[in-house]
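Peer 1: So that we are looking at the same thing, I have put the structure below in structure tokens.
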Amino acid sequence: MKIARLLKENMETYGFVNGDKVLTRENMTSQTGVPIPQNIKDFLFDGWFDEIKSKAGQLNYNEKLPGFKFLAPIPNPSKIICLAFNYKDHAKEQNLIPPDEPSIVIKPRSTLNGSTSDIICPSFVSKLDYEIELAVIIGANCKNISDKEAKDIVFGYMILNDTSSRDIQAKDKQFTRAKGFDTFAPCGPWITTADEIPDPHNLKMVTKINGVVRQNSSTSNMFLNVYSIVSMLSKVMTLEKGDIISTGTPAGVMLNKPDAIFLKDGDKIEMEIEGLGKLENTVKVRLA
């Protein structure tokens with residue numbers, strides 16, 4: 001199933017998406033009589049989703065998707081964890097060997113951004129870059145789990161653009177400030193549940209800037225796979241329901257390229273991962 005967090009006429013809701021139709025939280029309640037919670041995390045991870053999913057075939061998707069704006073699917077995760085150099089093709093273009101354990105940075109949740117919202121770039125950032133990534137949504141609290149157990153912990157997947165300021169990254173010699181600006185994590189457009197993605201390690205990934213392909217790869221180029229990543233991270237920190245793990249980007253970003261064409265005001269970014277939908281964001285430079 002596809003679950004989106006949505007905005008219509010300044011009213012926030014969430015619901016299931018099926019093609020160009022939506023079944024909102026309010027309609028779920030009216031059709032089932034189940035008092036569904038307002039918070040999407042409570043709905044997804046505290047048993048309500050399973051109850052409604054069992055009735056989904058009987059429910060009427062009675063609203064049209066074009067009337068809604070997509071918000072970041074999870075508004076308040078306890079952690080957003082991003083991996084560096086986890087794609088063999090990306091590591092190769094940087095003359096690096098992929099690390100055999102996750103090399104991570106944690107982005108603040110204020111970076112989260114909707115799949116059609118603007119990326120706000122402060123005017124002092126001169127080298128703004130994009131990174132298409134497969135993001136994993138954790139479905140239950142876990143600690144010290146195996147790869148096999150990790151498969152059952154993954155609730156679903158979405159796209160995440162790990163937007164980065166390469167000039168600040170070079171200056172700081174680390175990633176947190178460069179990747180931590182508000183709006184620097186467009187994601188969504190919805191969460192696709194894991195049962196709809198039987199093999200997350202063979203999904204086509206494409207990034208276009210103003211219609212020109214910049215990244216064209218596949219999750220098959222991942223070095224550490226999804227379940228190994230979740231398992232390894234659980235041995236470092238307790239993973240909590242709703243946490244987001246973004247699993248790295250493939251080749252094609254502008255990092256360390258002598259002929260780099262960085263993002264500028266008005267650039268339109270399209271990111272698509274097979275089976276997960278599309279992000280469509282525009283860069284807006286603002287005085288800071």
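Each value in this text was obtained by applying a stated rule to the coordinates, not by laboratory testing. None of these values were measured; they are calculated from a predicted model. Here the Cβ positions follow ideal geometry from the backbone for every residue, glycine too, while neighbour counts run over all protein chains shown.
Peer 1: Over the chain, what is the mean sequence separation of C-alpha contacts under 8 Å (at least six apart), divided by residue count, expressed as relative contact order in percent?
Peer 2: Dividing the mean separation by the residue count of the chain yields 24 percent.
Peer 1: Return a whole-number percent for the relative contact order of the stretch 200-288, with Cα pairs under 8 Å and 6 or more residues apart as the contact set. Numbers along the way, then the final one.
Peer 2: On the way: 114 pairs, mean separation 28.8, N = 89.
Relative contact order, the stretch 200-288: 32 percent.
Peer 1: Which value in nm describes the separation of the simple spin-label points at ASN39 and ASN10, placed 7 Å from the Cα toward the beta carbon?
Peer 2: Here the modelled spin labels are 2.5 nm apart.
Peer 1: Is it possible to state the helix-based mean residue ellipticity at 222 nm for the chain, with each DSSP H run of 4+ residues giving -39500 (n - 2.57), the sum divided by total residues, to the nearest 500 deg cm²/dmol? What is it? Mind dumping the intermediate values first?
Peer 2: Values: 8 runs with 53 residues, N = 288.
When only DSSP H runs of four or more count, the value is -4500 deg cm²/dmol.
Peer 1: Which value, in debye to the nearest 20, gives the size of the charge dipole of the chain about its Cα centre, when Lys and Arg are +1 and Asp and Glu are -1 at the Cβ?
Peer 2: On the way: 35 positive and 36 negative charges, 106 e Å.
So the magnitude is around 500 debye.
Peer 1: What does the charge count near SER231 come to, summing +1 for each Lys or Arg and -1 for each Asp or Glu among other residues with Cβ under 13 Å from its Cβ? Could the numbers behind the result be given before it?
Peer 2: Details: positive: LYS143, LYS148, LYS151, LYS235; negative: GLU101, ASP147, GLU149, ASP152.
Once all neighbours under 13 Å are counted, the net charge is 0.
Peer 1: Given LYS127/LYS268; LYS143/LYS173; LYS79/LYS235, which pairs have Cα atoms separated by over 19 Å?
Peer 2: Working: LYS127/LYS268 16 Å; LYS143/LYS173 30 Å; LYS79/LYS235 15 Å.
Violating the 19 Å limit, Cα to Cα: LYS143/LYS173.
Peer 1: Where Rh denotes the Kirkwood radius from the mean inverse Cα pair distance, what is Rg over Rh for the stretch 118-214?
Peer 2: Details: Rg = 16.2 Å, Rh = 15.5 Å.
Expressed as Rg/Rh, it is 1.04.
Peer 1: Multiply the residue separation of SER123 and LYS278 by 0.36 nm, subtract the distance between their alpha-carbon atoms, and state the gained length in nm to one decimal.
Peer 2: Details: separation 155, 0.36 × 155 = 55.80 nm, distance 2.70 nm.
Going from the current span to full extension adds 53.1 nm.
Peer 1: Ok, one more. Take every Cα-Cα distance within the stretch 1-128, group them into 10 Å bins from 0 onward, and report for each bin the whole-number percent of pairs it holds.
Peer 2: 11, 31, 27, 20, 11, 1
Peer 1: So, R0 is 22 Å and r is the distance between the beta-carbons of LYS268 and LYS69; what FRET efficiency does that work out to, to 0.05? Working shown, then result.
Peer 2: On the way: r = 17 Å, r/R0 = 0.77.
E(calc), rounded to 0.05, equals 0.85.
Peer 1: As an exercise, take the mean of 1/r over every pair of distinct alpha carbons in the chain, invert it, and state the Kirkwood radius in angstroms.
Peer 2: Working: mean 1/r = 0.0519 Å⁻¹.
Result for the chain, one decimal place: 19.3 Å.
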